[in-house]
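Here the structure comes first, spelled out in structure tokens, and everything after it is commentary.
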Amino acid sequence: MLNEVLLTFAQWLGAQQWSIGLHESFYMYNWIETTHVLTLTVFLGMLFVIDLRMLGLALTNVPASKIAERLDVPMMIGFTVMIITGFLLFYAIPVRTTQSVWFRLKVILLIVAGINAWIFRNRMKAAKPTWDNDPRPPKNVRIGAGLSLSLWIAIIFAGRAIAYDWFDCGQDHTDFINWAAGCVVDTAG
Amino acid sequence: MDVMSFFTWLEGSALGQMAKSYGGVYAMAQTVHLASMALLGGTVLVTDLRLLNVALTDVPSNVVADGAHKWFKVALTIILISGIFMVAGVAMKAYYNAFYWAKMAALATGIVFVFAVKRPLLKKDHSQIPGWVLKMTAVASLTVWFSVAACGRWIGFS
């Protein structure tokens, strides 16, 4: 039922003039994708530096909270542009993307990474006075940072894999893959 | 061996065949390449934004530049290794792609700039260097690394 609703929505979205225009525009689509990847570098670049500090592997002579707080603004600027361009990329190719295993996995991983970031941030704020100047933060902070790094690398992989047709609907896949991709039987051929 | 012969050999090599035959491995190499590109971008941005007095202004720029440079070298090494694997799978396509050569030119410029200009300069006490020199270095650095990333993305479109 949910998959039918999602597909109907994606088909409606894909029929919009702007969606078709974006999909068929060589330069516009490519510039949006380029911007998506470049702002991913800004967002993830900042995040990686923060995570490496929280792991006790980089800039250990600078208080951890200072690194996290000062890099927050450029990181969130990168994140905002990355999310906007990500929505535009989805808007340009909604039907195939909705039925992509990798896109679905990416969305789940993004939610998990968001929850991890929220927990991580609260934990850091609460414990700031006790370990802020330590070169090597406590174990639970290091676990949070390691999880953040792993999740974002998995998100990059899922995003990269969307371009591949390995599990596209309409091919001879197992029931699990068809379920995970949300393939709707009527449109799978 | 001329350049074209090298690219022909590379595509036919075991590395090239592996990159061609295993899509999953190729996608993983792309992931590693992108993640290390993000790390490299992070280290460059942190240093350059500090030199431009935009971020981490309450941390000495020497400290930021030294700390970031260690991870810049790690990221660059991983980028080069994963990049060689990636190009091996599509060597002839890359050979005839203008953006591939633009990226290589920008990358070579970036590496020379970092190790021959930026790093020797930033190793010195920053208080002894005129502010405009530090700012110009940051602008040049951001420009060259932006060019590398943008050309790299455009390879796939042309």
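Some observations on this one:
- Nearest-ten-degree value, helix A:26-54 long axis tilted from longest Cα axis of chain A: 30 degrees
- Table column - 3J(HN,Hα) (Hz), segment B:60-77, Karplus curve with 6.51, -1.76, 1.60, x for Gly and Pro: x, 5, 4, 5, 5, 4, 5, x, 6, 5, 4, 7, 4, 5, 4, 4, 4, 4
- Counting Lys and Arg as +1 and Asp and Glu as -1 over every other residue whose Cβ lies under 11 Å from the Cβ of A:Gly144, the net charge comes to +3.
- Among A:Arg53, A:Arg104, sorting on how many other beta-carbon atoms sit within 10 Å of each Cβ, with the fewest leading, yields A:Arg104, A:Arg53.
- Here the relative contact order of chain A, from alpha carbon pairs under 8 Å that lie six or more residues apart, stands at 30 percent.
- Model label zone, A:Thr80; criterion: amide N under 18 Å from point 7 Å along Cα-to-beta-carbon; scope segment B:29-55: B:54-55
- Sites B:Thr57 and A:Asn122 - FRET efficiency at Förster radius 22 Å, r taken between beta-carbons, to 0.05: 0.25
- Selected from B:Lys103, B:Lys124, B:Lys20 as most flexible by GNM, with chain B as the system and alpha-carbon contacts under 10 Å: B:Lys124
- Note on chain A: dipole from Cβ charges, positive end direction compared against A:Pro94, A:Tyr27, A:Ala58; the farthest Cα belongs to A:Ala58.
- Basic side chains Lys and Arg get +1 at the Cβ, acidic Asp and Glu get -1 at the Cβ, and with that the dipole of the protein assembly as shown about its Cα centre reaches some 1300 debye.
- Ranking B:Val112, B:Val54, B:Leu122 by Cα position along the charge dipole of segment B:54-122, where only Lys, Arg, Asp and Glu carry charges on their C-beta atoms, puts B:Val112 farthest toward the positive end.
- For segment B:26-157, size of Cβ-based charge dipole, Lys and Arg +1, Asp and Glu -1, in debye: 200 debye
- Relative contact order of chain B, taken over Cα pairs closer than 8 Å and 6 or more residues apart, is 33 percent.
- Using only side-chain charges placed at the Cβ, +1 for Lys and Arg and -1 for Asp and Glu, the dipole size of segment A:33-186 relative to its Cα centre rounds to 860 debye.
- Relative to one another, the C-alpha centroids of segment B:10-55 and segment A:77-111 are positioned 21 Å apart.
- Charge sum, other residues only, whose C-beta stays under 12 Å from B:Val112's C-beta, Lys/Arg counted +1 and Asp/Glu -1: +2
- For a paramagnetic label modelled on A:Phe176 (point 7 Å from Cα along Cα→Cβ), amide N atoms under 18 Å away are absent within segment A:1-36.
- Over chain B - Rg/Rh using Cα atoms and the Kirkwood inverse-distance radius: 1.05
- Kirkwood hydrodynamic radius of segment A:48-189, from inverse mean 1/r over distinct Cα pairs, in Å: 17.2 Å
- Over chain A: helical MRE at 222 nm, DSSP H runs n ≥ 4 each giving -39500 (n - 2.57), nearest 500: -25500 deg cm²/dmol
- Relative contact order of segment A:23-110, taken over Cα pairs closer than 8 Å and 6 or more residues apart, is 39 percent.
- Euclidean distance of C-alpha centroids, segment A:126-151 and segment A:154-178, integer Å: 34 Å
- A dipole drawn for chain A from +1 and -1 charges on Cβ atoms has a positive end, and of A:Ala126, A:Leu2, A:Trp12 the residue lying farthest that way is A:Ala126.
- A Förster radius of 30 Å combined with the Cβ-Cβ distance from B:Trp9 to A:Trp166 puts the calculated FRET efficiency at roughly 0.55.
- Convex hull of the protein assembly as shown built on C-alpha atoms - directionally averaged projected area, nm²: 20.2 nm²
- Loop-exposed chymotrypsin sites (Phe, Trp or Tyr not before Pro) per DSSP, neighbour cap 15 Cβ within 10 angstrom, longest uninterrupted part of chain A: A:1-163
Readers should treat all values here as calculations from the given coordinates under stated rules, not as data from a laboratory. Model, not experiment: these values are computed from the prediction. Ideal geometry is used to build each Cβ from the backbone, glycine not excepted, and the neighbour counts take in all protein chains shown.
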